[in-house]
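Peer 1: Next up is a structure, given as structure tokens.
Rule-based calculations on the coordinates, nothing more; no lab input. All values reported here derive from a predicted model rather than from experimental measurement. All Cβ positions, glycine included, derive from the backbone under ideal geometry; neighbour counts span all protein chains shown.
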């Protein structure tokens, strides 16, 4: 149950079977740093590529294909005061006839005030002079090496995780990934100080971070898509285009979870979802969109959960 | 500011320029009843068609194309103890490869206990023996006569509203529809005792209701898609397939609303949505899907709102 | 087997149970005229609405729900020399990031030369000075009254036909519609002098026409979606968004057709389609898109066809 | 202008920067063999993986990022008599409500008769006893190493090509790929003896092949998506989900091509496409769908083409 401190020296723009930077045991924690989505660190020095450069990969001893890697996000701290966003919405989230009237998608600098717990855009319109956004730090892109020898860009996502940009992947969340290669090879980066649903501006408040996470290995449990939970909810995440397919993946994965771990038969699981399901559109900007299928834990209180 | 009591004798399966059943003034309230999605009333007597038969239309004196009809849902009471659902999920919300393994979509009877504030399926699996669903009544299908002389099936939805199946259309919600014909011609029906996101079982808990609503007319204000609000949030609803298009409609409508009524320029509105937007997948079962673009009112507290 | 000459005096912008303008018998032919998509006739006089105003409806004696109406397009003649298009492509057929660079969608006048068999844009760029388009006249919008009491805008399409904008709906084509109301109520209009796949400019060469068609009634044969054939091919047309759903409708309908009329079992029909199917994207501009599932008749030569 | 004979000893299931198996010069030809989609060779011996194992990569001397690799398919010969298909259609090409009625997707063996120029399923229903399919050999999966250090599964496709399953990628076709890495690194495999549009059975007639291709390098020409041509047509191929996005990519790429190589301004290119475009749904089964935007060469006869 060691706690490792790791300072990254290089960064990857694909998730794949890159050489591990650190080997950790089941139960260990890691404190490390991440650079922003364009590769700038806490000193705003360029040290990574232009597309969500990743810290890692971390090799988890004993992890094999067919296992599940469980990552608990203990802490995400913005380690610089500068963040940035795009000021206009992504073209694909408004009606095509409106695209030509939208504001240019210029880069805007933000000031992150960790003490006050909020962030403010530096250059903005008078209407937003008093506006600030509460900090709710999250990891935009993280996951494991994919199956089949693929190296997949950190611009997109898949069964292995990746650039899901889900605003519930914050402090206190626990995330489950299917292990596809020996050692699992966990990567993380692309921290956001805050972000609405769908990442519809094409960015959260992009910044660098110091992040602490712990690792747990669950041997011999099969999953198709990332799963997660926090104090209030359990959820599954489907990553695909269009939104329907992401929703289908997430819903199918939730049915599997309810049947495998909560002892529900298919009819009961369908009843439960029909009445209680919540869907979050996590990301509608990246090459693959991300949809979460979510249930409140109180709904599941009456059902015994497999350890 | 009269309160009308209206008992329907016939029901419509399209929203269109049907003969009005009652004429009401701006400010009036109406207490009426609705039959369930298959046309059964509080005595479980068949008195309407098989697809969301509607009570109405109510003619609002003075309403003209280019106005906005504002409907406040004061009360929805289930007026019988029997409800029903489908037990399996809709085929289109799971992966195509899983469709053949899904439970048959049989009709299940529920018992609605208004005093206890919950409902229970009568026939179900042992796993759900102790399961009950809190009542959260809502209107699945309501709206006004559409533009262009159309009569549109109550199975689907559009700019005029219709079968949106959004679980925030409950008691206390206020809904805004664009008026397309003289008198607006408001219809309502298809009450659900409760329903998860997306209506993914293809039903809520379908039942009949006694519903009270009040009417307000806003002259000369243009809207493209239904808008709504409750104590906590404002939201817009896009109705279309696929989900992306519904989301585009809802987002574009929200930009319009922020600019028209909250004094935000396009850049500020984009900033605000990028950080604070919430999306709800209201319905992913009907011929047109429904997506809500939602903002918490506290986010808007700093901006003056046009009356 | 009469041939009727009918000159329309009014036009409809919805397909629905409007009062018939003429009653015809099974086997009869009709010679009539259609106005252009904006309601202008052969003298360029405005006499219909702004959205595909229809000639009709024609009441077919003996047609009842559950029958099939068969319409053979014998002749479409452009009855004026002026046509028009939009000069830019529809926003939704290019990448969202390209929309802002696209040419404005101005209206362009064309000169239709029936003797030369081609059409030329009047105002255009030097690059197109020598360009002309061969005439291949077609009906953009035609169909029958829909089921369920709906009146559906001529901007869109559905199981009843409507604004399908399929460039194989030209002279010599035979089209089959499911009859949903007594008399079938056939409408036609929106002639195009020529059009590429998908109607991606948002228009064909829009013009008025003199059109001759004959009617045949097939009693007691069920269909879900429009079917058609010409000398070379049979095809089915699905009308929906997104393209996937239109393709699913068209493919399912073709399976039905092969099983019902060509004696193929589901396995054989699947084999045949897997090796020989052709898909046409008829329309990717209207509210509902249209996709044709098509088979060459020579592929079917070995299979006996039900009369 | 050498002709190389290359016999593959190993195969790749990703397109990426694998070690080259042969270095060829601009202008050279290669005669090589490919194994079938499940890795079986001309002797039906298993020698590759289960998902479209590729022959290659071939390193093209002088190719650099920013160049275009031009591959001319001179000959594809089925080098064994056995092929196979799936007998049922893919679940996603029929209405979700029909999925449960579809035939099981069993593997069917075919006999390929190169002399007779056709193929026949060995086990099939009586209805197809006399049915044979003309041979029209094609490459289902081929392309170059992708950009950004990605290694992408041969199950899917992208700007680099890959598993496009387009039935015009046959003998006589010339295909253009954007070069993303030094040497381009060309791969090929997954030959089909024949296939309908969309690969809706999830397979063509899968078999091994002897294939001859020649290479040409075009220095310093930028492209976004694969382009191709044969005697009759030029076409661009967009690879994405949903079909709309693939169509947007292909249409945008065709606009670029018309502007770059045929001297058309954006307005003229839009006119030309509006009247003459043809769309082919190449593949609607793989993780990314493929749509071709196609123009007949006779349409372009009046425009000078850049060499």
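Peer 1: Determine, from the Cβ-Cβ distance of residue B:43 and residue B:106 and an R0 of 22 Å, the FRET efficiency 1/(1 + (r/R0)^6), rounded to the nearest 0.05. Before the final figure, lay out the partial values.
Peer 2: Details: r = 24 Å, r/R0 = 1.09.
Here the calculated transfer efficiency is 0.40.
Peer 1: Of C:295, B:300, A:188, how do they rank once you tally other Cβ atoms within 10 Å and put the fewest first? If you can, show how the numbers build up before the last one.
Peer 2: Values: C:295 23, B:300 18, A:188 26.
Fewest to most other Cβ atoms nearby, the residues stand as B:300, C:295, A:188.
Peer 1: Neighbouring Cβ atoms within 10 Å as the yardstick, rank C:205, A:112 fewest first.
Peer 2: Numbers: C:205 29, A:112 22.
The fewest-first ordering by Cβ neighbours comes to A:112, C:205.
Peer 1: Taking the convex hull of the Cα atoms, report for the protein assembly as shown its projected area averaged over all directions, in nm².
Peer 2: On the way: hull surface 183.9 nm².
Projected area, direction-averaged: 46.0 nm².
Peer 1: Sticking with this one: Quick one: label points 7 angstrom along Cα→Cβ at residue A:50, distances to the other copies in nm, smallest first?
Peer 2: With the label placed 7 Å along Cα→Cβ, residue A:50 yields 3.9, 4.4, 5.8 nm.
Peer 1: Separate question: Can you give the FRET efficiency for residue A:77 and residue B:298, using 1/(1 + (r/R0)^6), R0 = 35 Å, r = Cβ-Cβ distance, to the nearest 0.05?
Peer 2: 0.85
Peer 1: So which residue of D has the beta-carbon closest to the axis that swings D onto B, and how many whole Å away?
Peer 2: D:99, 2
Peer 1: How far, in nm to one decimal, is residue A:134 from itself in the other copies if the label point is set 7 angstrom along Cα toward Cβ? Shortest first, please.
Peer 2: Label-point separations across copies, in nm and ascending: 2.0, 6.7, 6.8.
Peer 1: Here's something else I'd like to know. Checking the a/c ratio against 1.5 first, then a/b against b/c, what shape does the Cα gyration tensor give for chain C? Display every interim value, and only then the final one.
Peer 2: Working: a/c = 1.69, a/b = 1.22, b/c = 1.39.
Judged from the Cα gyration tensor, chain C comes out oblate (a/c at least 1.5, b/c at or above a/b).
Peer 1: Could the peptides D:22-32, A:137-147, D:252-262 be put in order, highest first, of the mean number of other beta-carbon atoms found within 10 Å of their residues? Spell out each step's value before the answer.
Peer 2: Values: D:22-32: 17.4, A:137-147: 26.5, D:252-262: 20.5.
Packing order, densest peptide first, comes out as A:137-147, D:252-262, D:22-32.
Peer 1: If you rank B:7, B:174 by fewest surrounding Cβ atoms within 10 Å, what's the result? Display every interim value, and only then the final one.
Peer 2: On the way: B:7 9, B:174 16.
So the residues, fewest neighbours to most, are B:7, B:174.
Peer 1: Over the stretch A:20-72, what is the relative contact order in whole percent, taking alpha-carbon pairs under 8 Å and six or more residues apart? Each step should come with its number before you reach the end.
Peer 2: Values: 63 pairs, mean separation 22.1, N = 53.
Computed value for the stretch A:20-72: 42 percent relative contact order.
Peer 1: Give the residues of the stretch D:47-89 whose amide nitrogen is closer than 18 Å to a point set 7 Å from the Cα of residue D:231 in the direction of its Cβ.
Peer 2: Answer for this model: D:72-77.
Peer 1: What whole number of Å gives the distance from the Cα centroid of the stretch B:252-269 to the Cα centroid of the stretch C:81-112?
Peer 2: About 29 Å separates the Cα centre of the stretch C:81-112 from the one of the stretch B:252-269.
Peer 1: How many angstrom lie between the C-alpha centres of the stretch A:183-203 and the stretch B:157-234?
Peer 2: 35 Å
Peer 1: Now a separate question. With runs of 4+ DSSP H residues as the only contributors, calculate the mean residue ellipticity of chain A at 222 nm using -39,500 (n - 2.57) per run, divided by the residue total and rounded to the nearest 500.
Peer 2: So the helix-based figure for chain A works out to -3000 deg cm²/dmol.
Peer 1: So how far apart, in nm, are the two label points at residue C:218 and residue D:114 if each is 7 Å from Cα heading toward Cβ?
Peer 2: A separation of 4.4 nm, rounded to one decimal place.
Peer 1: While we're looking at this one, here's another question. Grab the eigenvalues of the alpha-carbon gyration tensor for the stretch A:227-300, scale each by 5, take roots, and send me the semi-axes largest first in whole angstrom. Could the numbers behind the result be given before it?
Peer 2: Working: eigenvalues 92, 33, 18 Å².
For the stretch A:227-300, the ellipsoid semi-axes come out as 21, 13, 10 Å.
Peer 1: Between copies, how far does the label point of residue C:172 sit from its twins, in nm, shortest first, when each point is 7 Å from Cα along Cα→Cβ?
Peer 2: Those separations, rounded to one decimal, come out as 2.3, 6.7, 7.1 nm.
Peer 1: Measure off 7 Å from each Cα along the Cα-to-Cβ vector at residue B:122 and residue A:31, then give the distance between these two points in nanometres to one decimal.
Peer 2: Between residue B:122 and residue A:31, the simple spin-label model gives 6.2 nm.
Peer 1: Return the FRET efficiency for the residue pair residue C:182, residue C:210: r is the Cβ-Cβ distance, R0 is 22 Å, and the value is rounded to the nearest 0.05.
Peer 2: On the way: r = 29 Å, r/R0 = 1.30.
Calculated transfer efficiency: 0.15.
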